C-alpha cells in the first residue's frame, strides 16, 4: 500500500494539459476543487502553425491558444501544474494513485484522462516532414486555407473514400489510390458525381510544398494533401486501469458515455483519445463535459459507462 502524503492528494488529477485537459481542469477549478494537471508537452497539433474553426480563435496559433488557456487556469489558486509523464495508474482506497516518470506518487479521488493520440502515418518518403504544414487529416481544420486549389487524397484503405467525397467542397480533388484499395462500382459512381479524379499509378514520394511524385516520374502539384492516419492512445493509463475501448474509423478509442465517463467508475476521458472527431473546438467541448461530470461525481458518486 503506497504511503499517503497530503501534499500529493487531489480531488482530481487531469492527465494531459492540451485543449481537452485544460478545459476539464477549468470546470473543476471553478468548482473550487483541488486539481492537478500533468502534462507531457506533446499537443497533437504541434506540427501545425495555426488552428482554425474554433470560435473567436480562428487562425490563432495553436500554441498561443494552449498558453493562454494554461495562464487562465493557473490563476485559480486550487490548481497545480506539473510537467512530466504519468507512467502508471491503479485504483486505490478512495480513488486512484498515479506514478510519474520521476517516481513521484500522487493520489486523486477522480481521474480525467486527456492524453491524446499518436498519428501513425503511411511510410512514404517526404510525408512526415510535411505533416501539419501541407499534409493534413481534417478538411474543416485546413481545407479553407488551400484557397480552392488542387487537393490530393492519399488512400490508406477503403475509408479514404470518405475524405475523397468530402474534399471537392474545398478544391479540385484527386484520389491517389496507391494500391491501398480499389473502389467498387457504387463508389466509383459517387466519385465521378463529385468530380474526383482517380489516380492509380503508385506514389513514389513527396517533394516541394505538396508535390506528389508518381512511380512513372510524373509530378502532380497539389495545394495540399490529405491522408487518414491511424491513431493509437499516446499513454497507456486507460488500458492499465481497465477502461474499455471501441474500434473507430482510424483506430481504438476509449469508450465513454455522453458524460465522458469511462467504463471504470471515477475515470473520465476526453479529447482525441476518447472521440473520433479531431479539432480544438471538439476537444474543448469534450473537456467541459468531462470536468463537469467529474465534479458532479464527487458530490453524487461516480458511475461507470455501460
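The values are calculated or read from the model by the stated rules, or taken from the named source; none is laboratory data. Every value quoted in this text rests on a predicted model; they were computed, and no experiment measured them. Note that we place each Cβ from the backbone using ideal geometry, even for glycine, and neighbour counts take in every protein chain shown.
Just checking, which of 255, 275, 218 is outside the structural domain of residue 23 (by TED's automatic domain parsing) and either in contact with a strand residue (DSSP E or B) (Cβ under 6 Å, 6 or more places away or on another chain) or in contact (Cβ under 8 Å) with a residue 12 or more places away in the chain (or both)?
After ruling out the rest, the residue left standing is 218.
Could you list, in sequence order, the residues of the stretch 200-238 that are surrounded by 16 or more Cβ atoms within 10 Å (Cβ to Cβ) and not in a strand (DSSP E or B)?
Of everything in the stretch 200-238, those that are surrounded by 16 or more Cβ atoms within 10 Å (Cβ to Cβ) and not in a strand (DSSP E or B) turn out to be 201, 210, 222, 223, 228, 229, 234, 235, 237, 238.
Residues to consider are 21, 59, 7, 17; find the one that is loosely packed, with under 15 Cβ neighbours inside 10 Å and within 19 Å of the chain's Cα centre (by Cα).
The unique qualifying residue is 59.
Every residue, every condition in (1) assigned to a loop (DSSP other than H, G, I, E, B); (2) modelled with pLDDT of 95 or more; (3) surrounded by fewer than 20 Cβ atoms within 10 Å (Cβ to Cβ); (4) in contact with a helix residue (DSSP H, G or I) (Cβ under 6 Å, 6 or more places away or on another chain), yes or no:
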| residue | (1), (2), (3), (4) |
| --- | --- |
| 148 | yes, yes, yes, no |
| 153 | no, yes, no, yes |
| 158 | yes, no, yes, no |
| 164 | no, yes, no, no |
| 175 | no, yes, no, yes |
| 178 | yes, yes, no, no |
| 188 | no, yes, yes, no |
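Of everything in the stretch 71-84, what is crowded, with 18+ Cβ neighbours inside 10 Å and not in a strand (DSSP E or B)? Give them in sequence order.
73
Within the bounds of the stretch 102-122, is there any residue that is at positive phi, surrounded by fewer than 16 Cβ atoms within 10 Å (Cβ to Cβ) and under 24 Å from the mean Cα position of the chain (by Cα)? Give the steps one after another, and end with the answer.
Pass one, the stretch 102-122, residues at positive phi: 103, 116.
Narrowing further to those that are surrounded by fewer than 16 Cβ atoms within 10 Å (Cβ to Cβ): 103.
Checking which are under 24 Å from the mean Cα position of the chain (by Cα) leaves us with none.
So far as the stretch 102-122 goes, no, none of its residues is at positive phi, surrounded by fewer than 16 Cβ atoms within 10 Å (Cβ to Cβ) and under 24 Å from the mean Cα position of the chain (by Cα).
Which one of the conditions (1) touching a strand residue (DSSP E or B) at 6+ places or on another chain (Cβ under 9 Å); (2) at positive phi does residue 129 fail to meet, given that it meets all the rest?
For residue 129, the exception is condition (2).
When you scan the stretch 279-292, do you find a residue that is in a loop (DSSP other than H, G, I, E, B), at pLDDT below 95 and assigned by TED's automatic domain parsing to the domain that holds residue 33, even just one?
The answer is yes, given that some residue of the stretch 279-292 is in a loop (DSSP other than H, G, I, E, B), at pLDDT below 95 and assigned by TED's automatic domain parsing to the domain that holds residue 33.
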